[in-house]
Amino acid sequence: MHIVFLDDLGCYAAVAAGGSFSGVLSPNPTPSEIAHLPNFAAHRDLQVGRFYHLGTDKQGNQLYGLGTRGNAQLFLTAANDLLKILQEDDIRLVDVSGFNPPLVRAMAIAKTLFPLEPFAVRTAARSLARVFPQLVHYLVMDSPVKNDLTLIPG
Amino acid sequence: MIIIYSCYGGSHSSVTAAGIHLNLLPNTREAKNEELLSLPYYDAQVSRDHGRIRFMGWDENGHNVYIASKRNLGNNFARMVGAILDLTQEARDKVLIIDTMPYVNLWMVIGGFLSRRWGFKNVGRSIVLYGTRQSYFKFIQLVTLVKQGGFQDARRSDAHSLP
């Protein structure tokens, strides 16, 4: 199965969610652990639609991040409709864009300005670390993959 | 194959193109207002419908024709859908997304905005119908190209959004 996490650029909350699913991150990770995740803040511009492979979870599911910048719900609706039309039940989409705090969005822009890159990445990781427990709670309690208990992280 | 005509609200240009594709509208002359208004979903979708992919019918070659609204995602919509479809090679080859926005004129924008966003149906609908008729032959040309398969080869080398 493929699990695709949607967020603004596909490499912030989506990467953290992927880290949680794959077991790389503990329930209370440090900002440094988040900042050093593969593909965290990997974007070079603000182009949406980029796909990031985030690894594999314990059940062998492939994890991805996809950037949808403010249109996650619209895209979720369209993609789910299309997957139903194609009768593809091997792909699950999870919107985690709501777990990108405004500061992360601002840092995503700052990250594209070369001198600010290290500062932006560290600040975004710190900001995400604060909301990470809520993100894990959402993934466990409310996510679209909740029907399949084997997919619950941790 | 699945052919999806997409535009901002899924109410006017995509519906018109899909209507021409399915022979619900004439392809040798300009459509009349009554013909346009008789199309399913024409000037009917509202904001909560955005994102939904609506079935319009089967064409003479057995292709399924759909419409979709993508707001201001532009080509990013096709890029994102393409990214999802890339996960399954079989699905990717089945879907063709056609962007009808390049053929939308100012009248359609103003009329659509008045009718769908602000609820001034009488005024907005008149303007959007006028605009649709202004661009009608462009939609015919687009659909003709789609039916001739002119986009099939291009689709393989680029994203799924055409033109």
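Filtering segment A:60-116 to residues that are at pLDDT 85 or above, among the small types (Gly, Ala, Ser) and on the phi > 0 side of the Ramachandran plot leaves only A:60. Counting only helices (runs of 4 or more DSSP H) that fall entirely inside segment B:75-124 and contain at least 3 residues that are of a type in the set (Asp, Glu), no element qualifies. Scanning segment A:83-91 turns up at least one residue that is in contact (Cβ under 8 Å) with a residue 24 or more places away in the chain and within 13 Å of another protein chain (Cβ to nearest Cβ).
Selection of segment B:89-102 for residues being farther than 12 Å from residue B:8 by Cα and either crowded, with 19+ Cβ neighbours inside 10 Å or more than 8 Å from chain A (Cβ to nearest Cβ) (or both) yields B:89, B:90, B:91, B:92, B:93, B:95, B:96, B:97, B:98.
Across segment A:65-100, the number of residues qualifying as among the charged types (D, E, K, R) and part of a helix (DSSP H, G or I) comes to 2. Given the criterion in contact with an Asp or Glu (Cβ under 9 Å, 6 or more places away or on another chain) and either crowded, with 16+ Cβ neighbours inside 10 Å or more than 10 Å from chain B (Cβ to nearest Cβ) (or both), identify the matching residue among A:79, A:108. The conditions single out A:108. Residues in segment B:66-88 that are among the polar types (S, T, N, Q) and within 7 Å of another protein chain (Cβ to nearest Cβ): 2 in all.
When restricted to residues that are touching a helix residue (DSSP H, G or I) at 6+ places or on another chain (Cβ under 9 Å) and under 19 Å from residue A:75 (Cβ atoms), segment B:15-48 contains 3.
The number of residues in segment A:39-60 being within 12 Å of chain B (Cβ to nearest Cβ) and in a loop (DSSP other than H, G, I, E, B) comes to 5.
Being in contact (Cβ under 8 Å) with a residue 60 or more places away in the chain and either outside any strand (DSSP E or B) or touching a Pro at 6+ places or on another chain (Cβ under 9 Å) (or both) is the requirement here; does residue A:5 meet it? Spelling it out, it is not the case that residue A:5 is in contact (Cβ under 8 Å) with a residue 60 or more places away in the chain and either outside any strand (DSSP E or B) or touching a Pro at 6+ places or on another chain (Cβ under 9 Å) (or both). Does residue B:63 qualify as being closer than 18 Å to residue B:141 by Cβ, modelled with pLDDT of 85 or more and of a type outside the set (Phe, Trp, Tyr)? Here the answer is no, as residue B:63 does not meet what is asked. Selection within segment B:8-54: residues that are among the β-branched types (Val, Ile, Thr) and in a loop (DSSP other than H, G, I, E, B). The member of this set that is nearest to the other protein chains (Cβ to nearest Cβ) is B:46.
The values are calculated or read from the model by the stated rules, or taken from the named source; none is laboratory data. Nothing here was measured: the structure is a model prediction, and the numbers come from that model. As a convention, Cβ positions derive from the backbone with ideal geometry for all residues, glycine included, and neighbour counts pool all protein chains shown.
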